[in-house]
Amino acid sequence: MSLPDLQATDSATLGASLAARGVSRRDFLVFCSEMGAALGLGSLAGPSVAEGLQRARRPVVVWLQLQECTGCVESVLRSAEPTIGNLLLDIISLDYNHTLMACAGQAAESALNQSMRANHGTYLLVVTGSVPMADNGIYCTIGGRTAHDILVEAAEGAGAVIAVGACAHWGNIQAARPNPTGAVGVADIVTDKTVVNIAGCPPIGDVITATIVHYLAFGRLPELDGDGRPLFAYGKRIHDLCPKRAHFDAGQYVERFDDDGARRGWCLYKVGCKGPAVYSPCPIFQWNTRTSWPIGAGHPCIGCTERFFWDTMTPFYGRLPADVVGGFGVERYADTIGAAAAVGALAGVTAHAAATGIHRMREGRRSQSLPVVEPPPPPDAGGSHGQD
Ligand code: SF4
Ligand code: SF4
């Protein structure tokens, strides 16, 4: 997708802006190398990221918060690099975000209107929150206008649209059965433009940052999967990156959260881990400046980067539903998909599309208790606990 030129808020390029704020050339190149690696472009991509960022002009960003909890904004505040201060002051010009901006009420809404008029066709629209459609959208109004009307107007003049979080992606818990407010995602409303879905509840702040850096450095959005998620972050299954995978394959499972297996760091599949059916950047980017992530902290993945996870991945502490993995035993699924992925990139994309398609097929989401998928038995039928 080709994008319009980024709108400058002043005459300075990003490179000049960063230099003026005391960012050394060395620190800039280190940051660009880290972003190149985060984007899956390899260790040699730093110079091309640097060249693109150096020349780019600070874009105007309009950030709408609709039917949501503000957790996604909190997640961005915890991006490892750049810090929110850099993001706000050096990389983007955040013209509107009603949590972070100083003004409120009429002044804030005026700022939004002025920015959309002045930068029509070029600004970057970031959206968190779902859009309630029931009863003419009255379940989310800002300044007397419905979320639907605000989104439609803002999207019309946007150069690119990024939906951040599960709420903006597909509706999230608001859209779980019975979805009383008729909540939908941004892409259900904005159908004439590509919508990037930064999936998760909340998503990892560094993924949002890296997506914006890609847009600035290369003038286009990153490559997406069939659900609008950037492949650099959502192209791999948690189960295939998980440090506990060897325990899964060896049949070493946590049976209770306080048992010996839990203390030894064994696989969490039997206590509800949905990692075999989930594509997510958690194992790579991790959380809180790369301190840890749910599975690393001993908690099962609940599948929050996948559509309809409140309906398809619950009960969270129950075993992975058989119908999520197409009725296969998960070990057979893992072997089949894993072998196919090893053949090459195309096979990997196909496997990814297949898993995404599973969720598409499940749009008539179940409301009954879930069947159980049996994991492979431990190699020692007596169940003795081997060493890590
Ligand atoms: Fe909150 Fe999760 Fe929605 Fe983000 S995706 S706004 S964290 S409920
Ligand atoms: Fe890791 Fe979960 Fe897979 Fe076990 S089931 S290996 S904890 S992703």
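Every read-out reported here was derived from the displayed coordinates using simple, explicitly stated rules and does not represent laboratory data. Just so you know, these numbers come straight off a predicted model, no measurement behind them. For neighbour counting, all protein chains shown are included, and Cβ atoms are generated from backbone atoms with ideal geometry for every residue, glycine included.
Quote the FRET efficiency, to the nearest 0.05, computed for THR13 versus ILE173 with a Förster distance R0 of 35 Å and r equal to the Cβ-Cβ distance. If you can, show how the numbers build up before the last one.
Values: r = 42 Å, r/R0 = 1.19.
For R0 = 35 Å, the calculated efficiency reads 0.25.
Mind sorting VAL195, VAL213 by how few other Cβ atoms lie within 10 Å of their own Cβ, fewest first?
By the 10 Å Cβ count, ascending: VAL195, VAL213.
On a straight-distance basis, which lysines could pair with LYS274 in a cross-link, Cα separation under 21 angstrom, same-chain partners fewer than 8 positions away excluded?
Within the straight-line cut-off, LYS274 pairs with LYS236, LYS244.
Taking every alpha carbon pair in region 40-178, what does the distance histogram look like in 10 angstrom bins from 0, in percent?
Histogramming region 40-178 at 10 Å steps yields 11, 37, 35, 14, 4, 0 percent.
So what's the gap between the Cα centers of region 87-150 and region 54-81, to the nearest angstrom?
Cα centroid of region 87-150 versus Cα centroid of region 54-81: 12 Å apart.
Spelling out what I want: for every residue of region 205-217, take phi, set θ = phi - 60°, compute 6.51 cos²θ - 1.76 cosθ + 1.60 (Karplus), and round to whole Hz; glycine and proline get x.
The phi angles translate into x, 5, 5, 4, 4, 5, 5, 5, 4, 4, 4, 6, 6 Hz.
Could you list ASP149, ASP90 so that the one with the fewest beta carbons within 10 Å of its beta carbon is first and the one with the most is last?
Fewest-to-most ranking of ASP149, ASP90: ASP149, ASP90.
Out of the chymotrypsin sites (Phe, Trp or Tyr not before Pro) in region 203-301, which ones are loop residues according to DSSP with at most 10 other C-beta atoms within 10 Å?
none
Using 0.36 nm per residue of separation minus the Cα-Cα distance, give me the extension gain between ARG55 and ASN113 in nm, one decimal.
Stretched out fully, the ARG55 to ASN113 stretch lengthens by 18.1 nm.
Taking θ = phi - 60°, what integer Hz values does the Karplus form 6.51 cos²θ - 1.76 cosθ + 1.60 yield along region 122-132, in sequence order, with x for Gly and Pro?
Those phi angles translate into 10, 6, 8, 9, 10, 10, 10, x, 8, 10, x Hz.
Give a residue-ordered list of calculated ³J(HN,Hα) values for region 57-62 (Karplus: 6.51 cos²θ - 1.76 cosθ + 1.60, θ = phi - 60°; whole Hz; x for Gly, Pro).
Listing the rounded values in order: 9, 4, x, 7, 10, 10 Hz.
Can you put SER280, SER115 in order, fewest other beta carbons within 10 Å first?
SER115, SER280
Restricting everything to alpha-carbon atoms, can you work out Rg to Rh for region 171-296 with a Kirkwood hydrodynamic radius?
1.04
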